[in-house]
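First comes the structure, then the notes that go with it.
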Amino acid sequence: MGGPEGTTPVKPGGGGAQAEAPAPPEGPKRHGCDGWPNAHQLACSALFLTLLACFYAVLLPVVRAGVGDAAWAGLLVVHSVLAALTVGLYLFCCYSDAADPAVWGAHDPGDERYGDFWCATCNVSVLESSKHCRQCRKCIQGFDHHCKWLDNCVGERNYVAFFSLLCCCTTLVTFQAACVVYVLVRYSTDGAAASGVATASGTGASDAHGGYIAGLSVLLFVGVVAVYFVGELLAFHLVLVYRGMTTLEYIFAMKEMEDLAAAEVEAGRPPPPEPGCCGPSSAVAPSDAARRPKKMVEINPCQALCVAPTPTAKLVHHGRLDKEQPSGSGLNSV
Ligand SMILES: [Zn+2]
Ligand SMILES: [Zn+2]
């Protein structure tokens with residue numbers, strides 16, 4: 001296992017012949033599709049497939065009537081490539097294993113980066129950047145966050161794929177929404193196009209045609225909501241990449257500022273303003289300022305741009321091993 005000098009890692013099932021330690025109830029997850037899909041995976045897959053079906057079956061024939069065969073073929077190819085990339089990257093991210101190689105005993109025993117930090121849950125020496133994920137039940141190298149939509153962790157080993165997925169998905173849903181806008185605008189401004197829409201969509205009767213347009217409006221609403229959420233996440237990660245931070249470091253920095261603000265309020269002073277222009281200001285009077293309730297840290301690109309990094313240059317998640325002690329539990333708390 002390449003454990004630290006003077007220690008004897010005990011792998012589940014790998015103990016002595018007579019007195020084996022009881023195996024943990026569940027071993028580490030291999031990836032996000034190790035088991036039944038969760039509700040978030042099912043929901044986003046269903047939404048994605050519905051949008052895809054609507055685009056090909058309902059929207060594209062009408063766009064073809066408006067822009068002609070050549071432009072339609074171009075749109076078809078662009079959309080299909082984007083959709084294929086999105087599906088491929090999503091599956092890659094779901095099936096990727098971002099674990100610290102030491103979790104599987106697959107690291108180089110001579111790698112000098114190992115030997116200083118220890119995960120008591122995985123029972124192995126891990127890299128300094130690794131953090132244990134309770135959902136994945138393993139240490140993740142260069143931990144960024146656990147994504148519930150992938151049911152998998154994003155870390156150093158799959159961050160590029162995750163970021164590419166955000167780029168493709170944002171482009172795809174923007175493309176789809178733009179096509180819906182095109183059809184709706186042409187319908188409302190061009191009488192000839194309107195009849196073309198009715199013909200291409202097979203909704204010549206006024207009632208059916210009205211229903212078709214209403215359906216497009218719903219599609220546009222869903223598309224705009226999707227663009228907003230995926231686009232915001234992409235903007236957030238663009239800022240993180242620009243600032244050289246991980247999602248976890250952003251969360252730590254925001255929590256630290258929250259605690260600082262709570263301490264100021266408790267001391268009877270107004271809290272400092274929250275970073276960025278999108279959060280509540282400091283205009284909370286000390287008189288009515290009970291301790292702020294703990295809240296989830298929200299994904300906010302503006303705050304990510306302005307938040308002060310934590311004083312420690314790196315976040316350390318595991319006990320540091322005391323190499324001076326020859327054996328056993330030479331752990332220093334951090
Ligand atoms: Zn661990
Ligand atoms: Zn995880």
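Quick rundown of the values:
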read-out: Selection count where residues are of a type in the set (Ser, Thr, Tyr) and more than 27 Å from residue 228 (Cβ to Cβ), scope the range 121-169; value: 4
read-out: Residue selected from the range 145-176 under the condition outside any helix (DSSP H, G or I) and either surrounded by 24 or more Cβ atoms within 10 Å (Cβ to Cβ) or in the same structural domain as residue 298 (by TED's automatic domain parsing) (or both), by the criterion farthest from ligand 1 (Cβ to nearest atom); value: 150
read-out: Some residue of the range 119-138 being charged (D, E, K, R), out of contact with any helix residue (DSSP H, G or I) (no Cβ under 6 Å at 6 or more places or on another chain), more than 12 Å from ligand 2 (Cβ to nearest atom) and under 17 Å from residue 318 (Cβ atoms); value: yes
read-out: Criterion: at pLDDT below 95, within 16 Å of ligand 2 (Cβ to nearest atom) and on the phi < 0 side of the Ramachandran plot - qualifying residue of 103, 67; value: 103
read-out: From the options 171, 121, 189, residue that is at pLDDT below 80 and β-branched (Val, Ile, Thr); value: 189
read-out: Among the residues listed as 226, 214, 235, the single one being more than 15 Å from residue 300 (Cα to Cα) and in contact with a helix residue (DSSP H, G or I) (Cβ under 6 Å, 6 or more places away or on another chain); value: 226
read-out: Residue match in the range 15-38 (condition: within 30 Å of residue 184 (Cα to Cα), modelled with pLDDT of 90 or more and not hydrophobic (A, V, I, L, M, F, W, C)); value: no
read-out: Yes/no for residue 47 being surrounded by 16 or more Cβ atoms within 10 Å (Cβ to Cβ) and part of a helix (DSSP H, G or I); value: no
read-out: Residue check, residue 103 near ligand 1 (Cβ under 9 Å from one of its atoms), assigned by TED's automatic domain parsing to the domain that holds residue 48 and touching a Phe, Trp or Tyr at 6+ places or on another chain (Cβ under 9 Å); value: no
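The values are calculated or read from the model by the stated rules, or taken from the named source; none is laboratory data. Just so we're clear, the structure is a prediction, and the values are computed from it rather than from any experiment. Heads up, the Cβs are rebuilt from the backbone with ideal geometry, glycines too, and the neighbour counts pull from every protein chain shown.
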